[in-house]
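The values are calculated or read from the model by the stated rules, or taken from the named source; none is laboratory data. Worth saying up front: this structure is predicted, and the values here are computed from it rather than measured. Because the Cβ atoms are built from the backbone with ideal geometry, glycine has one as well, and the counts that use them run over all protein chains shown. Side chains are part of the model used for accessible areas, which takes the heavy atoms of the whole protein and leaves out ligands, DNA and RNA. Shrake-Rupley method; radii C 1.70, N 1.55, O 1.52, S 1.80 Å.
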Amino acid sequence: MNPEADARFMAQALALAQRGLYTTTPNPRVGAVVVHDGAVLGEGWHARAGGPHAEVAALDDARARGHATAGATLYCTLEPCTHVGRTPPCTDAIVAAGIARVVVAMEDPNPAAAHGAKRLRAAGLDVATGVLAAEAAALNPGFVARMTRGRPYVRMKVAASLDGRTALPDGRSRWITGPQARADGHAFRARACAVVTGIGTVLADDPELTVRAVDTPRQPLRIVVDRHGQTPPEAKVLRGGALVVTADARRPRWRSDVEHVVLPDAQGRVDLAALMRELARRALNEIHVEAGARLNGALLAAGLVDELLVYVAPSLIGDPARGIAGWPQALDSLDARVRLAIDEAERIGEDLRIRARVLGKG
């Protein structure tokens, strides 16, 4: 075993997995490489649900190149599956191909598909796990979150001035950030399973919330959190189908392709925690929030946000413009603030992109 070679080939498998960034939902993004004596025999990645898994694609690629796979090593970013789903178990294909060694980045958090390493070891294969595990998990935060805690990974996108203002007092916000930042935001929309907004944003901006600046074969589901069902039937966000979540059972005269879900909480508002459980039930992994201060604050206060994606423009707007988050109740202590860990700060055009994990309150 050569740890440096293992890390190098696993990095190659992770780069392959990235190719499925916009297409694999609800499945994870996975890449695989077949190697023998330091030479790459085949490569593969999971492109879409129902299609070949990365391991099988890599084995097929090796055979298509005229290579025998007996005695080779297979590098895979996720533990090979053991169950029959839309495709047969990958562990069976690996054993049948005569693979001698399997190197895995992360174990499969899906209990229905897990324990592939155990199955391969029982078949006599040498199996190593944990090679670039953190990088593999970072590629699939939504899948991991849905499998381990029963709700999706929620990324909240904000475009703000340097003084934290997201819109004028009347709600106008076009455009605080520049075209490069807006295009970059579309890339994060494209990787999400759903885009969530609130009724305030719909009424103020009438957004489409579709992916337009990125070439993708799939559009995320658009979801409007609308307590009283005020979304106009002609709203752009409803065109082509959407999901509207209310606390009121009355359904307005929306298009037939608009789904209506009623999730009231004890105060007669939309139950946001129940909404996230419902989205997990629908096998949605990553949720992209583009909303106003009220919904942003409610999600943050409920502990339902995992990451902030903030585009900061080199400008000042000042009071009484709108802020990033309006808490349901004013904080009475700094101990109640939401703490963040900044993972990344990068220049995007004239703006600054900050990615920060939500650590909790305190």
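The residues on offer are 55, 43, and the sole one that is surrounded by 24 or more Cβ atoms within 10 Å (Cβ to Cβ) and in contact with a strand residue (DSSP E or B) (Cβ under 6 Å, 6 or more places away or on another chain) is 55. Scanning the stretch 220-267 for residues that are buried (at least 20 other Cβ atoms within 10 Å of the Cβ) and acidic (Asp, Glu) returns a single hit, 226. When restricted to residues that are outside any loop (DSSP other than H, G, I, E, B), of a type in the set (D, E, K, R) and out of contact with any Phe, Trp or Tyr (no Cβ under 9 Å at 6 or more places or on another chain), the stretch 171-186 contains 0. In the stretch 143-164, which residues are touching a Lys or Arg at 6+ places or on another chain (Cβ under 9 Å) and either open to solvent by less than 40 Å² (accessible area, probe 1.4 Å) or closer than 15 Å to residue 354 by Cα (or both)? Residues satisfying the conditions are 143, 145, 150, 152, 153, 155, 157, 159. Does residue 129 satisfy the criteria of being open to solvent by 10 Å² or more (accessible area, probe 1.4 Å) and touching a residue at least 60 places away in the same chain (Cβ under 8 Å)? Against the criterion (open to solvent by 10 Å² or more (accessible area, probe 1.4 Å) and touching a residue at least 60 places away in the same chain (Cβ under 8 Å)), residue 129 does not qualify. Every condition in (1) among the hydrophobic types (A, V, I, L, M, F, W, C); (2) at pLDDT 90 or above; (3) surrounded by fewer than 16 Cβ atoms within 10 Å (Cβ to Cβ); (4) within 21 Å of residue 316 (Cα to Cα) is met by residue 175 except one, and the failing one is (2). So, residue 314, is that one surrounded by fewer than 22 Cβ atoms within 10 Å (Cβ to Cβ), within 22 Å of residue 162 (Cβ to Cβ) and modelled with pLDDT of 95 or more or not? So residue 314 fits the description; yes.
Counting only strands (runs of 3 or more DSSP E) that fall entirely inside the stretch 191-278 and contain at least 3 residues that are more than 18 Å from residue 155 (Cβ to Cβ), the qualifying elements are 242-246, 258-262.
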